[in-house]
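These notes are about the structure you will find just below.
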Amino acid sequence: MDSEVSAWQRALAEAFTSVDSLCRYLDIKADSLPLNIDCQDFPLRVPKGYADCMQPGNPRDPLLRQVLPVLDELKVYPGYSADPVGDLQAVATPGVIHKYQGRVLMIVTGACAIHCRYCFRRNFPYGELQLGSQKIQQAVAYIAGHSDISEVILSGGDPLLLSDDRLNKLLGRLARIPHVKRLRIHSRVPVVLPSRITATLLENLDSTGKQIVLVIHANHANELSAEVGRACERMRQSRITLLNQSVLLKGVNDDAASLCTLSERLFAIGVLPYYLHLLDHASGTGHFAVAERQALGIYRHMRENLPGYLLPRLVREQAGAAYKLPLFEPDAGL
Ligand SMILES: *Cc1c(COP(=O)(O)O)cnc(C)c1O
Ligand code: SF4
């Protein structure tokens with residue numbers, strides 16, 4: 001068990017934290033790239049296993065684009081803000097976002113194993129909201145006091161970066177609330193740090209006695225290495241329902257062929273596509289946006305090429321809406 005713990009913590013500690021070292025590793029000339037070197041509030045962070053999924057020598061690699069801080073981040077786009085989806089208005093108690101009927105989202109940590117440049121929470125005031133040990137009691141009390149909450153979503157940051165000890169304490173508290181039927185974890189860790197999916201973690205999840213749903217966040221088939229596949233296999237053996245959520249990102253996956261390959265590869269490792277999100281308009285991310293019209297065109301091609309169960313729901317999130325809004329195809333004939 002201890003060696004399992006040290007394996008993922010070591011992988012995390014050994015992640016790339018400088019553009020220079022990552023570029024050297026990939027055999028790319030850093031000085032040929034339009035880099036934003038002044039990004040200390042959200043610095044580069046890339047686990048080595050994720051870098052190993054990139055194509056050496058290719059500055060336009062779709063995985064590299066997701067993590068490289070570029071000058072475009074400094075461009076100001078109209079309508080982009082620090083809180084694009086109205087999360088701050090939906091804070092029920094610190095660390096708990098109660099936006100939708102029947103389910104709440106808990107921000108359990110601000111830390112992530114990778115820093116995704118398109119992240120909608122990149123400007124989020126984690127310090128104030130994330131659940132420190134005192135606030136956890138209050139958060140659990142809120143959930144316990146609302147009998148209509150049947151699903152608790154652990155989010156962040158990345159909830160799987162919590163230590164086994166801290167995560168297990170939280171799981172134990174949630175496990176004791178009878179009206180909570182499902183625990184859902186949204187995490188990019190199975191994709192970017194698969195060694196975190198340890199036997200201990202799986203035992204801890206299983207011992208809650210709740211149904212566990214794990215939504216992995218993969219945007220491109222190249223992210224799904226053999227090791228990621230093995231981590232998903234371990235989770236499936238532990239009866240965890242595996243879903244995937246992606247963001248439609250310009251220069252990363254904004255073509256039907258890439259997304260169809262992603263769906264096929266997900267299914268091959270036992271994961272069903274759930275959502276394909278339009279980009280949330282967070283400051284610093286405008287260069288990743290794909291226009292709605294183009295998104296619908298891509299989606300139509302996906303529909304033509306995939307069985308229905310491999311087609312994710314194309315949605316966008318709107319502050320104040322009661323659910324993630326599906327995009328409607330104009331010629332759907334309805
Ligand atoms: C996305 C989200 C959920 C989950 O929505 P589903 O449609 O059930 O996946 C819940 N709470 C918040 C705050 C969310 O942003
Ligand atoms: S919250 Fe998710 S998208 Fe944002 S940086 Fe962390 S892992 Fe990436």
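The values are calculated or read from the model by the stated rules, or taken from the named source; none is laboratory data. This one's a predicted model, so the numbers in the text were calculated from it and none came from an experiment. Reconstructed Cβ throughout: ideal geometry from the backbone, glycine too, with neighbour counts over all protein chains shown. Ligands, DNA and RNA are excluded from the accessible area calculation, which covers all protein heavy atoms including side chains. Shrake-Rupley method; radii C 1.70, N 1.55, O 1.52, S 1.80 Å.
Per residue, the accessible area of region 20-77 comes to 57 Å², computed with a 1.4 Å probe over protein heavy atoms only. Solvent exposure of region 84-326, expressed per residue, is 39 Å² of accessible area, with all protein chains present and a 1.4 angstrom probe. Looking at region 84-326 alone, DSSP beta bridges between its own residues are antiparallel in about 20 percent of cases.
Tell me, Kirkwood radius of region 264-334 from alpha-carbon pair distances, in Å? Walk me through the numbers on the way to the answer.
Details: mean 1/r = 0.0732 Å⁻¹.
After inverting the mean inverse Cα-Cα distance, the result is 13.7 Å.
Once C-alpha pairs closer than 8 Å and six or more residues apart are averaged by separation and normalised to the residue number of region 232-314, the relative contact order reads 38 percent. Considering only 86, 299, 240, and ranking their Cα positions along the charge dipole of the chain that arises from unit charges at the beta-carbon of Lys, Arg, Asp and Glu, the one farthest toward the positive end is 240. Remark: relative contact order (region 84-326) = 18 percent; criterion is Cα-Cα distance under 8 angstrom and separation of 6 or more residues.
Here the chain exposes an accessible surface that is 51 percent carbon and sulfur, computed with a 1.4 Å probe and the other protein chains kept in place.
The amide H of residue 70, built 1.01 Å from its N in the peptide plane, has 36 as neighbours under 5 Å, considering only residues 5 or more places off or on other chains. Placing a pseudo-label 7 Å from each Cα along the Cα-to-Cβ vector at residue 72 and residue 203 gives an inter-label distance of 4.6 nm. Under the Kirkwood approximation applied to all pairs of distinct alpha-carbon atoms, what is the hydrodynamic radius of region 84-326 in Å? After inverting the mean inverse Cα-Cα distance, the result is 18.4 Å. By the rule of a C-alpha distance below 16 Å, with chain neighbours fewer than 8 residues away ignored, the lysines paired with residue 181 are 210.
Over 27 Å between Cα atoms: which of 29/75; 48/169; 75/135; 99/135 fall into that group? With Cα atoms farther than 27 Å apart: 48/169; 75/135. Rounded to the nearest 20 debye, the dipole magnitude of region 134-248 is 260 debye, with +1 charges on Lys and Arg beta carbons, -1 on Asp and Glu beta carbons, and the Cα centre as origin. Working from Cα pairs under 8 Å separated by at least six residues, relative contact order for region 186-334 is 20 percent. One Cα centroid belongs to region 234-271, the other to region 74-121; the line between them spans 22 Å.
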